[in-house]
Each structure stands twice: as structure tokens, then as C-alpha cells.
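Colleague: I have a structure here, written as C-alpha cells, and I will follow up with some questions on it.
The values are calculated or read from the model by the stated rules, or taken from the named source; none is laboratory data. Bear in mind that the values here come from a model prediction, so they are computed numbers and not experimental data. Here the Cβ positions follow ideal geometry from the backbone for every residue, glycine too, while neighbour counts run over all protein chains shown.
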Amino acid sequence: MDLFKQAVEEEKLHRNFISILRKSKEADRQELLRWCDGFPDRDNKFVIEFQTTFNSSFWEIYLYALFKEVGIPMNWEYSSPDFMVEYNGKEVVIEATIAAAALGKTPEWEKDLKEEPPTRFREMNMESIIRLSNSIISKYRKYKDKYSKLEHVKGNPFVIAVAPFEQPHFNVQCETPIMALLYDFYVDEDAYNDNPHLYPNGPPDVKLGFVEKDNGSEVELGLFEDDSLSEVSAIVLSTTATWGKVESMTTSSDSRFVSTVWWSEEKQGPICKISASESIRDGLFVFHNPYAKRPLDPKMFDHSGITQVFVDPATKKISKKRNGLFLMHRQSLNIEAK
């Protein structure tokens, strides 16, 4: 596929696509082409979608590169769902989706680069929870209505891979919104920042039960707290699978500054690095459904850089399995001559 040969009229090009066409992005574009080498365009419209909608196509390219890197074979015999992969002799169905901005709200590509990231997080997290819920439930319904009836899908684990692109600064949310949505486990950073002396062990975790949309309707939390979504084996998510990852994996440049924050199990806290080497795997979460009818084998994602989250259905205790340092946030700054 020639991702960068213009396939539509200028006015139809996505803002993100236009931004990566600059001459200074040549090395980055080559890196993305390396990611998608061999990626099949099954419906002959992927390039157009990449150029006009960008984020959803970028997320699929990322997942393809991830599976290649960790040695997971992909089966392209079927037109849908998005990925049929094989692990340990068994098929796994993976459907990709993104959380996009709500109608009338500011999309991520209109972020004011002069604006600092938020220092209060509740409003941002609530918006993310709502948008992630919409995307996940939509794919679950599609599975129930369509995919579950396909012979090559029946009896196989079903995984939803979701990436949040729903608002400016979405990249700083890490796992907080998805943990609330799946396990009703919300880490209240605002409460801690307001009164740190009240929380000597760090930000408190609370059960919210639900969050409220602008129209007053409620979004139920704890999707993996019972068997209501038992057909969903796991949720895969990354807030670092962005163009910044492409930049961080491109040959270093004197005009680029990349700062990263990593979680260290050894230190039990975050550490900061400048221009640290990064892999496709870094920053990926896998959230397992304790009530899954067809559980996902955790060994499939047992690789460095990936964090897997588990919950004991009896005790509700949450545990995380990390493999080395885990990428939480990244900030990439490009200095271009005018």
C-alpha cells in the first residue's frame, strides 16, 4: 500500500494526515511504512480511510505491527472481523475500534499546542469513560448481531482492541478511565491533589457506580464486574499508540525532544526518561474479563512493555502483571526551522 500517495481531494484530507506530509516527517513516514509492511488492503479502501479519517486506520496499523513484533500469526482469509490471529494452535478474534469525540465537542486534532495538559482530571476522565463505553458496547452489539454467527468466529475468544482519541490531551489518561469502566475502580487524583495530607498512601480509589452524560442519562460502570459481557474475553488498550510512538521509534533527530514517564515496579512509582528507546509493545494494556466464557490465554501477551490486568471474581482483588518498565506517558516536541 502507498499510504502517502494522495487518493482524495485536498479538502477531504484529515488534519492529522496533512500534518505528517511535511518534508521534516519523511523518516517518520518511512517508519510507519515499516510498521504496515505486508498489511493487506482487503476491501481496497484502506488508503482512502487512512487519509480521510486517520485515527481508526492508524490504530489498525499499530495492532498489525504489534502482532508482527510479538510473533502472532494473522489469518486474512476472512473479510471480518478485523483480525483473526492464532496463538498456541487456537484462533482468537480481535475487533479494533477507537473512542472518538462526541458530536459538537473538540476533537483531539484541534488541540492547542500552547495549552498545558490538564492538572485536574475528573472532567477529562468522565468524558473518556463515556466515549470508551460507547465504542466497546457498540462493538459488543456488533459481535452479538453479526460476528457470533460466523463459523470462523464461533467458539473462539473475542477481544476488543480500543484506542482513545476522544479529546485533546487524551494521551495523559493512562488506565484510569478504562479501569473505572470495566471494574468500577476509579483513582481520584483530584482528591489527592486537593488534600494530599489526607491520603498518605497516594490517590484514593473509589466506586462511582455510574457516570452521567450531558443529557442526564447514566453510563453504568463495572462492565467486567459480572457476566453481562461474558462473550468479551478481554479489552486491549493503549494511550501511547499515537504518532508520537512513530516519532519515538524513528532515528533520533537533533530537532526532536522526547520525554517519557515509565512505571517502575522496583521503585513502585514513576520515573522520567529523555529520548528513551521505545518498542511497539510499550504502553499496551490487556484487561482480562474474569467472567469470560472463553478466556484469553495471558501468555499471548506475556511480553516486555505490556501490562495485563486481572480480577479475582470472588474477592474482587485487582492484580497487574508487568514485564519490566511500563510506558505511561510520552511528550514529543519537534523544533522545525521556518
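Okay, residues lined up against (1) farther than 23 Å from residue 168 by Cα; (2) exposed (fewer than 14 other Cβ atoms within 10 Å of the Cβ); (3) in contact (Cβ under 8 Å) with a residue 60 or more places away in the chain:
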position	(1), (2), (3)
198	yes, yes, no
222	yes, no, no
226	yes, yes, yes
236	no, no, yes
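Colleague: Tell me, which residue of the range 316-338 that is among the hydrophobic types (A, V, I, L, M, F, W, C) and at pLDDT below 90 is surrounded by the most Cβ atoms within 10 Å (Cβ to Cβ)? So that I can check it myself, show each step before the final result.
Modeller: Kept after step one, since they are among the hydrophobic types (A, V, I, L, M, F, W, C), are these residues of the range 316-338: 318, 325-328, 333, 335, 337.
This time we only want the ones that are at pLDDT below 90, so: 333, 335, 337.
Numbers: 333: 12, 335: 10, 337: 5.
Applying the filter and picking the extreme gives 333.
Colleague: Determine whether residue 184 is in contact (Cβ under 8 Å) with a residue 12 or more places away in the chain, of a type in the set (Asp, Glu), surrounded by fewer than 18 Cβ atoms within 10 Å (Cβ to Cβ) and closer than 30 Å to residue 297 by Cα.
Modeller: no
Colleague: Next question, about the same structure. Could you go through the range 90-108 and let me know if any residue there is surrounded by fewer than 17 Cβ atoms within 10 Å (Cβ to Cβ), in contact (Cβ under 8 Å) with a residue 12 or more places away in the chain and assigned to a strand (DSSP E or B).
Modeller: Yes, some residue in the range 90-108 is surrounded by fewer than 17 Cβ atoms within 10 Å (Cβ to Cβ), in contact (Cβ under 8 Å) with a residue 12 or more places away in the chain and assigned to a strand (DSSP E or B).
Colleague: If I filter the range 16-27 for residues that are modelled with pLDDT of 95 or more and among the charged types (D, E, K, R), do I get at least one hit?
Modeller: No, the range 16-27 contains no residue that is modelled with pLDDT of 95 or more and among the charged types (D, E, K, R).
Colleague: Could you tell me how many of the residues in the range 31-49 are in a helix (DSSP H, G or I) and either under 17 Å from residue 68 (Cα atoms) or without any contact (Cβ under 8 Å) to a residue 12 or more places away in the chain (or both)? Break it down stepwise before answering.
Modeller: Initially, the range 31-49 is screened for residues in a helix (DSSP H, G or I), giving 31-35, 46-49.
Next, from what is left, pick out any that are either under 17 Å from residue 68 (Cα atoms) or without any contact (Cβ under 8 Å) to a residue 12 or more places away in the chain (or both): 31-35, 49.
Residues meeting the conditions: 6.
Colleague: Moving on to the next point. With 155, 202 as the choices, which residue is on the phi > 0 side of the Ramachandran plot and touching a residue at least 60 places away in the same chain (Cβ under 8 Å)?
Modeller: Just one listed residue meets the conditions, 155.
Colleague: Under 7 Å by Cβ, and 6 or more places apart or on different chains, what pairs join a residue from the range 73-84 that is within 23 Å of residue 301 (Cβ to Cβ) with one that is surrounded by 11 or more Cβ atoms within 10 Å (Cβ to Cβ) and of a type in the set (D, E, K, R)?
Modeller: Close Cβ pairs (under 7 Å, with a partner that is surrounded by 11 or more Cβ atoms within 10 Å (Cβ to Cβ) and of a type in the set (D, E, K, R)) amount to 73/86; 75/86; 76/42; 81/95; 82/60; 82/95; 84/91.
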